[in-house]
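The values are calculated or read from the model by the stated rules, or taken from the named source; none is laboratory data. Fair warning: this is a prediction, and the values are worked out from it, not measured in the lab. In this analysis, Cβ positions are derived from the backbone assuming ideal geometry, glycine residues included, and neighbour counts consider all displayed protein chains.
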Amino acid sequence: MPLCPFAFRLPPFAFAGAFRLSVFPFLLSPVLAQSPIFDGRTLNGWSGNPQSWRVEDGALTGEIPAGQRLAKNEFLYWQGEVADFELTAEFRISGDPSANSGIQFRAQKGADGHAAGYQADLDLGATWLGRIYDEHGRKLLVERGDRVSIAPDGRRWSEKFAEPADFLALPKPQGQWNTYRILARGPHIEIWINGTRVSVLDDHQTDAADYSGLLALQLHSGPGPVKVQFRNLQLSHFGKTELPKAKASVASASANSESSIGVTRKNGDPPLRRTPGIDDLSRLNSSPVLWHLRDNPAGPTAVANPSAQKLVAGMKLMHGFQAELVAAEPDLHQPVAFAFDERGRIWIAEAHNYPNKAPEGQGKDRILILEDRDGDGAFETKKVFIEKLNLVSGLEVGFGGIWVGAAPHLLFIPDRNRDDVPDSAPQVLLDGWGFQDTHETLNSFTWGPDGWLYGCHGVFTHSFVGKPGTPDTQRQKIRAGVWRYHPVRHQFEVFAHGASNQWGLDFNAVGHLFMTHCRSFHGGGGTTYVIRNAHYWNQANNDYAPFISSRGPAFAPELRNFLPASARYDSGEGGAGKPGTTAVYGGHSHVGTMIYLGDNWPENYRDRLFTHNLHGHQINQQSNVRTGSAYETFHAGHDVSFVPDATYLPVDLQYGPDGAVYVIDWSDTQHCHNPRDEIWDRSNGRLYRLSWAATYKPVKIDLSARPDAELAALHTHRSEWFVRTARRLLQERAAARPLDPSALAALRRQASDTSASVPDQLRALWTLHAAGRLEPAAIAAALAHSSDVVRGWAVQLGTENAANPAVSVAELTRLATSDPSPLVRLAVASAVPTLPLAQRWPVAAALAAHAEDAADRFLPKMVWYALAPAVPADLPRALDLAARTPLPVVADSILWFAARTPAGRDALAARIGAADTPEAAAARTLRVLAFALESEAGLALPAAWPQVSARFSASAAAPVRAAWEQLSALFGDKSVLGPIRARLADAAAPLAERRRAIDLLRRAGDTESTAVLIGLLKDPALRGAVIPLLAGARDTAAVAAGLISHFATFTPAERTAALAALAGKPPLALALLRAV
């Protein structure tokens, strides 16, 4: 749920133009796989000057011989057209430093053969590689490291995500093959080189942007020698986007900007006022992700609510979309969660009690059912399923009832006869859910592809979850995180730990889980790829697992070893976001997560993540890109909706059986969580539908009436809604009776059909698993699959049952050792915590041996999480692994964790002092040990410390010598205290060093520095730190005299500290009384 907004305003501008998506029949068919456009042998399908282009080394080759000069650019055209597409190609270029080439796309061919249009540039890497250029005359559009958006009227906005110099090392050495990837969907274009995003363009410029055209390879004019080669060219088509004609500019930025919202609030506070640039139309002119939006073309529906109809009519949408009002007050109030059942009905939880839990028996929350009985798209029938619930926050349907989150309980309310009347009182499945912060209780219920019920939990609520009656010692703690509950086995797990204020979960086309939340200073952007058994940051930056360090020193930043968000952009200034981003993206707070996999919206939006930007009143569109072992999340260039109304407070969004997206709107001018009941308006609530107008059709369905075989057949349906609902129904039936053998046979054929798409194979694999019918042979086959995604899922499914895993430790070790995919190694790392501690070592050691994973954002840390609990029981083995692993995160985390126990400190000291430990390794270990103990005091001296002192007490490296000194003082070596006192007394010493000396003397419990400390009471820069230390000094007379004599010079804060010190011991207090 939301946090308070931060505002940043950009000046309003007029604009013209937008774009629309033209729907063709193939847009609603499965995604076309990549197809080769070069046969590797001939120029068939290509045309160009044979003097410049040929096939050599199995590659399309353009060349300027040495000593010759090419007078004009020469182009090799592919004999086809591209519109919305993805192209990948391998390339290499060599020759003169000026060697230059490029890939023309959406281009037009002139009479002279020149290609006019976009060019993805290419050179040896010094200047042009990855830039986006326009041969139409606009010239350079995007520099490397920039994201540029061009308005319909030609204005440009630029956001830098890297410096051009950052890409100088991106090309591989000459002679090796590099990878070029161009992604173009409508106005949005991305250039990727060797797996790194280099430049991004969103081009809306009327009469200048190109959304379709030819594809060509360029050999740039200039001196030889130059040779450029392309091979393995693979192309995917996604349909076609058309740029519409220019439209009239918005008449005024204040056209919908009445300054006052309402007249009087119930608590007597003054009326709320609109925020200029946020709640009015000016953001359509100023935000580059909104300036393409147009008026909602839909007329009013039959819902009798003029206020709600006006809000919907004022929505601004991507051209081609329409928004309609489905329900509103008085039929709907305060919707906080919703779900579709197998009949296409919408179940909605109304949270009348929020933000406070009512006294027992006085709950006002309820669950509604909305139904479209005649299949015309109007949900005209309303029922109240249950009332008098208390603090409802989550809802899902299935297994003969509904699942409700109402802290402190996870409830199941049965309705097995499907008469829409509860069969009994709610059943408490789990209790112990906290509600200290009622906008961070259990939320965002959704069925996972593996058959578990998943949900979120926020950071400032503390829960200790278990079945009713579970002893405290056996309960599972969850603060921030993602949890899951198995509906048949009644098993609860914390799936992943951490994050910030999360409210929204969904799975992508291959079953990978994402959540949205508020941006955080510690974790980064507002979207996270959720990994099993991961440990992410949390907003409070504390209360982590004991093997997680919340900080990392400058020499070892990787010791800040929690996982970050996957988002690589800031949506607002809140949570230490980039200045100016609120004005563009709307703000740091996100609510609701949907990865669109329906069958109504165009292909361009499939598998994209959509989330409500709460304070910006817009739906942010994001792209999750496979990078290394996991994903990076980027803004997809343009948002699909904006609602210039301050009462718009969306909470969730989901696509339904009709493929349209449904949005629940809490509807209130109060956007921030606040426990004051009186400031919340409980008189309203809305439900909207957002659809692609050209293809929208209501549906009337009842999947519960379908036999098993038909449900199995639905596993190739274009809409994931049908697949997920069919899976749940088959899982329910399998728990009650044997499934139809023909249905199981069909699923097994689909799961093993390697000619089918990977998502289709996974769909069947997941359902067999959820139904308990996935055989060991199928898991073994999946482990050998050519797709790393399938292999990764085989690991997860095969290790779900820790007591009886279907994947052995030997097999996990094999995969950890030899599987070429970091995604599979990530799956193995996330499975290792299911193993007994002694069995983890061979798998973790194999994972830790991959030097190529060192720069991965997620995998090395996941290896550490897998290994960490086993470290204390076998320190020698752990330290040996730390010495040989090429993963700094793993090595330094082992050292840091070992330093936190006496046995570990003894072992570390022995290795630091050992002559056979290399100097650099010993010095780094010493520094990690010092970092690990920087807040400790009075620890026992390790047995090998004399050897450490002999080696490093006179080190020429100041940081190493400082670490030795700090630890020596901490371990009680009195010989180092004299020099530290002298440094403190030296007024010429750097202030930072003197402050450090005070800290060391405090931690060492030094009793001989009283005179020096009293002398520093004259120093305004140090006395604030000195006064608390004097409270513990033995020479109470000298201390009292010093504090009292200098008291008049102290600041108010220092006087407070001095009085506390004087009152802390009887002799000091007596001296104070005498002075008074």
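Some points to look at:
- Of all the listed residues (Ala99, Ala89), the sole one being over 30 Å from Leu284 (Cβ atoms) and at pLDDT below 95 is Ala99.
- The residues on offer are Leu714, Leu797, Leu747, Leu730, and the sole one that is under 30 Å from Asn533 (Cβ atoms) and free of Cβ contacts under 8 Å to residues at least 40 places away in the same chain is Leu747.
- For beta carbons closer than 6 Å, sequence separation of 6+ or different chains, a first residue in the stretch 778-794 that is farther than 16 Å from Asp753 by Cβ and a second that is among the basic types (Lys, Arg), the qualifying pairs are Leu783/Arg791.
- When Lys160 is tested against (1) buried (at least 22 other Cβ atoms within 10 Å of the Cβ); (2) within 21 Å of Ala126 (Cα to Cα), exactly one condition is not met: (1).
- Ala313 being in contact with a strand residue (DSSP E or B) (Cβ under 6 Å, 6 or more places away or on another chain) and small (Gly, Ala, Ser): no
- Number of the exception - Pro842 against (1) buried (at least 18 other Cβ atoms within 10 Å of the Cβ); (2) without any contact (Cβ under 8 Å) to a residue 40 or more places away in the chain: (1)
- Check on Ala646, hydrophobic (A, V, I, L, M, F, W, C), at pLDDT below 95, closer than 22 Å to Cys518 by Cα and over 22 Å from the mean Cα position of the chain (by Cα): yes
- Pick from the stretch 721-739, criterion over 21 Å from Ile402 (Cβ atoms) and not aliphatic (A, V, I, L, M), ranking: surrounded by the fewest Cβ atoms within 10 Å (Cβ to Cβ): Arg737
- Entirely in the stretch 984-1076, the helices (runs of 4 or more DSSP H) that have 1 or more residues that are among the hydroxyl-bearing types (Ser, Thr, Tyr): 1010-1015, 1036-1046, 1052-1062
- Single residue of Ala107, Ala184, Ala165, Ala169 found to be of a type in the set (A, V, I, L, M), at negative phi and touching a Gly at 6+ places or on another chain (Cβ under 6 Å): Ala107
- Verdict on Asn232 being at pLDDT 95 or above and either assigned by TED's automatic domain parsing to the domain that holds Glu159 or under 21 Å from Phe642 (Cα atoms) (or both): yes
- Set Gly137, Gly154, Gly175: member being closer than 21 Å to Asp96 by Cα and either surrounded by fewer than 20 Cβ atoms within 10 Å (Cβ to Cβ) or not hydrophobic (A, V, I, L, M, F, W, C) (or both): Gly175
Rundown of residues vs (1) more than 30 Å from Asn100 (Cβ to Cβ); (2) surrounded by fewer than 19 Cβ atoms within 10 Å (Cβ to Cβ); (3) under 31 Å from the mean Cα position of the chain (by Cα); (4) at pLDDT 95 or above, yes/no style:
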{"residue": "Cys4", "(1), (2), (3), (4)": "yes, yes, yes, no"}
{"residue": "Ala18", "(1), (2), (3), (4)": "yes, no, yes, no"}
{"residue": "Phe26", "(1), (2), (3), (4)": "yes, yes, no, no"}
{"residue": "Pro30", "(1), (2), (3), (4)": "yes, yes, yes, no"}
{"residue": "Pro50", "(1), (2), (3), (4)": "no, yes, no, yes"}
{"residue": "Glu63", "(1), (2), (3), (4)": "no, no, no, yes"}
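- Tyr585, sole failed condition from (1) of a type in the set (Ser, Thr, Tyr); (2) at pLDDT 95 or above; (3) more than 15 Å from the chain's Cα centre (by Cα): (2)
- Subset of the stretch 118-145 that is of a type in the set (A, V, I, L, M) and touching a residue at least 40 places away in the same chain (Cβ under 8 Å) - its residue that is nearest to Val82 (Cα to Cα): Ala120
- When Ala988 is tested against (1) surrounded by fewer than 13 Cβ atoms within 10 Å (Cβ to Cβ); (2) touching an Asp or Glu at 6+ places or on another chain (Cβ under 6 Å), just one condition goes unmet, and that condition is (2).
- Residues satisfying the stated conditions in the stretch 184-224, i.e. surrounded by fewer than 21 Cβ atoms within 10 Å (Cβ to Cβ), of a type in the set (S, T, N, Q) and more than 35 Å from the chain's Cα centre (by Cα): Ser221
- Exactly one residue among Arg551, Arg532 is touching a helix residue (DSSP H, G or I) at 6+ places or on another chain (Cβ under 8 Å) and within 19 Å of Thr627 (Cβ to Cβ), and that residue is Arg532.
- Cβ-Cβ distances below 8 Å connect the following pairs, each with a first residue in the stretch 593-620 that is crowded, with 24+ Cβ neighbours inside 10 Å, a second residue that is assigned to a helix (DSSP H, G or I) and β-branched (Val, Ile, Thr), and a separation of six or more residues or different chains: His615/Thr582; Gly616/Thr582.
- Flag for Phe412 being touching a Pro at 6+ places or on another chain (Cβ under 6 Å) and surrounded by fewer than 23 Cβ atoms within 10 Å (Cβ to Cβ): no
- Any hit, the stretch 736-744, residues being within 33 Å of the chain's Cα centre (by Cα) and either in the same structural domain as Gly448 (by TED's automatic domain parsing) or at pLDDT 95 or above (or both): no
- Screening Thr799, Thr813, Thr817 for residues that are under 19 Å from Pro449 (Cα atoms) and either within 30 Å of the chain's Cα centre (by Cα) or not acidic (Asp, Glu) (or both) leaves exactly one candidate, Thr799.
- Filtered residue count, the stretch 740-756, keeping only those that are part of a loop (DSSP other than H, G, I, E, B) and surrounded by fewer than 17 Cβ atoms within 10 Å (Cβ to Cβ): 3
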